[in-house]
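Report on one structure; see the data block that follows.
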Amino acid sequence: MKKNDKAMAALLAVFPNYEAFATFAGERSNLRSVESFIDYAAKNDIIEGHQKKGLETFLRTHAKSAHECSPPQGLNFEVLLEKKKELLNLNISVRAMTNRINALIEAHRIELPKVSNSMLTRLKKEPADTVYKQNVLRSLAFWLGHERSGSGPAWNFVGLAKLCNTSKLQEHYREGVRIGFALYGRGDVIDHEIMDWLRKTLKQNIEKAGHFLYYRWGRVRSHDITTLYVDFPKEDEAGEPAAYRACIRSAVSIAHQIAIRWALSKYFTKNRFLSIGIVAGDFATLDNYLLPILNTRLPGDPVIRVAGFVRQCLLTNDIRTILCRRPYETALFDGEALNIWWIEAFWSTLYFDFIPELLNDPILKNDPPALDALTRLLYFPEKSSARAAKSEPNAVTTFFRYPHNALLGIEIAKTLYYRRLFREALEVLRIALSIDPIDLTARSLRMVLFRNLAIDAPTYDISRGMLQQAEQEALFIEENCPVHTEDYFCEYAVVHLVKAMQALKFARLGRGSCDGTHDVEWTKRVVFADLDKAAALFGKGITVSPSCIRSFYLYNSVKVLSAVLENDEDLFSDPAKSLNGNPDDIIKPSMDLQWQIGFSRDDFAPERWYEFLIHNMIQKSQIHDDSIDLDAYRPTTYFCHAVSLWDFVPVRTVFTAKRALQMLRDARTIAEAMDKEDICIYSFTRTHGEMMPAKEFIKHMDRSIQMIQEKSVSDLYDRGDKEIINIKERRTTLLMTLNFGF
């Protein structure tokens, strides 16, 4: 076979169809692996350029049928290995085979795990029910496709997975989440074309997510002519709300996407209404609750409605939505009372993915023609109205027609925000807030936009003025909005954090004076006053949050910053001096806070205590990661987790250093993908939140990785995980402040 033919065969053995790739790419732990396959396809001239879409197109074009992916009847994984000579034309030992597999994936830099004899032995008896086991099978499939493609098309990942004991995967899960979509005509017809659009759009979203796309799960089904539904299983055997985290998050993310994509579609009119309902529990009884939730006419016609247990799951699993304060009560056919809650808003700017139609809308692009058209539409509507009437509708003109659709307005503003078009985003929010001035998420985003303009301001006085505008938004929220959430308190606190760090930045440039008038003592009072205000607001975030993950990290970072600045006055006037400090001064506030929330335990032995601390840090990070569907925010959470493991622990070990490095590399990989989409990163790499170009964020990740590598031992990956890294330096090098000033 030619080199290119071998490469194609290897790719198709790992991903025999698009669904196999979608499932693989949907796992966040596979981010680097996906990039390695794109690299491999590009280097072997299978796709043009370095684009995920190119690989997806190739796989769709060359997809194998279900019959081709089926291994011979009566065969299992153990028999395959025993009869590898007859079935695979392979006359070598299993150990020799694993050596060849590992050499091949290493030679082609494929980010898949090495295959070991022990893992193959386990797969003879166990289901491929974890990401790691499945990726071991993919390593085997890659080698079989590359070296043994003549043995037949059945020896691909899907076929190999079927040979394993798949009873767990095929299990008919009895519990999970059902999400329903019903279209109602209130004067306009709901026809087959509209339902086909809804079905197709649902399928696109589910395929993109990938996680539940196996067997009968994640399939779009019809309840009646105008009602569709999708089931997501609860894969965890436990019965408490926390076990529903993955399936609830998937359902809510799809509800968010469909609600806005419907508003942007050509089928949307004021006389067609989309109702989305989410229920959870035993699949056998869910329709008893789903159909009344979809059919009930609620005050204000909210689109997304949930049952009481789903509301509990949303709160328990840290899924960032804003729900109505009181439910609507109705009765079921048997007299049972049903409380219907509805989602009023999403914290979309941090946790929910972009809408594809908005990312690809020409008027929301960050280029001169788009900016010119957007400027005319927003600021000179009288000059653009005639031209707009002749042209195709876009997202902004659609919003102008339906300004009461706050979800759409916020999503447009969010897209502009992540392309650093702050003033244009403010103009869109002005319209949204003129309809509903107490919309918490819109008002909070307006505050954040003023904050970002302050960071870009050329002088301290202008920056301070912009931050005062941001603070006025927060004061309006405090006085008028009925609900205050963790994310509101965090974003408001970051306003004060930015005030402090902007004063420090300008003071370091002005040799102690931030405004050219006052001395260093005045600057210190300003900085510490704002740090104290930020800490108090982060404390409020901790109080109102069920998990307090985000607010606690930021509270911790402010305390560490204060400790650094309190112990070295030169930091206010010497721009060449990095924001680092004495290790004991830095670690004390972190350890005090960790004791406060129960991460630090006096009743544990020292080794057990440290293990408990790291376990809690990782667990909280994973819970927060599971609540995020927006990859433009995810990199900064990985960076913050790395900061926790490097800056906020009493000792640094080989394990914490390796995990911090992995988080930084994963953050870099995601940022590279965002850069290709012309999307910026919500970044905390300069100690405070700001919208940062992806290329700049990548440079910060490179500096961070280099610093940890230099401060750790050279043979880090050859050491035991529990080994302590002894860093002999008078001033510890902080990851949190490493990029301040860069």
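The values are calculated or read from the model by the stated rules, or taken from the named source; none is laboratory data. Computed from a prediction, not measured in an experiment: that's the story for all the values here. Here the Cβ is made from the backbone with ideal geometry for all residues, glycine too, and neighbour counts use every protein chain on show.
The table below lists the values:
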quantity: Lone unmet requirement of (1) crowded, with 19+ Cβ neighbours inside 10 Å; (2) of a type outside the set (A, V, I, L, M, F, W, C); (3) at pLDDT 95 or above for Asp532; calculated: (1)
quantity: Residue within the range 247-259 that is of a type in the set (A, V, I, L, M), over 21 Å from the mean Cα position of the chain (by Cα) and more than 18 Å from Leu338 (Cα to Cα) present; calculated: no
quantity: Of all residues in the range 506-515 being in contact with a Ser or Thr (Cβ under 9 Å, 6 or more places away or on another chain) and surrounded by fewer than 24 Cβ atoms within 10 Å (Cβ to Cβ), the one that is modelled with the highest pLDDT; calculated: Phe506
quantity: Residues of the range 282-301 classified as surrounded by fewer than 18 Cβ atoms within 10 Å (Cβ to Cβ) and not acidic (Asp, Glu), total; calculated: 9
quantity: Residues located in the range 626-676, provided they are over 20 Å from Ile586 (Cβ atoms), modelled with pLDDT of 90 or more and of a type in the set (S, T, N, Q); calculated: Thr636, Thr637
quantity: Within the range 34-62, tally of residues that are over 26 Å from the mean Cα position of the chain (by Cα) and part of a loop (DSSP other than H, G, I, E, B); calculated: 6
quantity: Helices (runs of 4 or more DSSP H) completely within the range 605-711 that count 1 or more residues being in contact with a Pro (Cβ under 8 Å, 6 or more places away or on another chain) and within 30 Å of Asp361 (Cβ to Cβ); calculated: 654-676, 694-711
quantity: Selection from the range 560-586 of residues that are assigned to a helix (DSSP H, G or I) and surrounded by 20 or more Cβ atoms within 10 Å (Cβ to Cβ); calculated: Val560, Leu561, Val564, Leu571, Phe572, Ile586
quantity: Lone qualifier among Ser29, Ser65 - being closer than 30 Å to Ala246 by Cβ and either aliphatic (A, V, I, L, M) or not in a loop (DSSP other than H, G, I, E, B) (or both); calculated: Ser29
quantity: Residues satisfying the stated conditions in the range 535-555, i.e. within 25 Å of the chain's Cα centre (by Cα) and surrounded by fewer than 17 Cβ atoms within 10 Å (Cβ to Cβ); calculated: Gly539, Thr543, Val544, Pro546
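Residues are listed down the side, and each one gets a yes or a no for (1) among the polar types (S, T, N, Q); (2) surrounded by fewer than 16 Cβ atoms within 10 Å (Cβ to Cβ); (3) in contact with a Cys (Cβ under 6 Å, 6 or more places away or on another chain); (4) not in a helix (DSSP H, G or I):
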{"site": "Ile319", "(1), (2), (3), (4)": "no, no, no, yes"}
{"site": "Arg325", "(1), (2), (3), (4)": "no, yes, no, yes"}
{"site": "Trp342", "(1), (2), (3), (4)": "no, no, yes, yes"}
{"site": "Leu377", "(1), (2), (3), (4)": "no, no, no, no"}
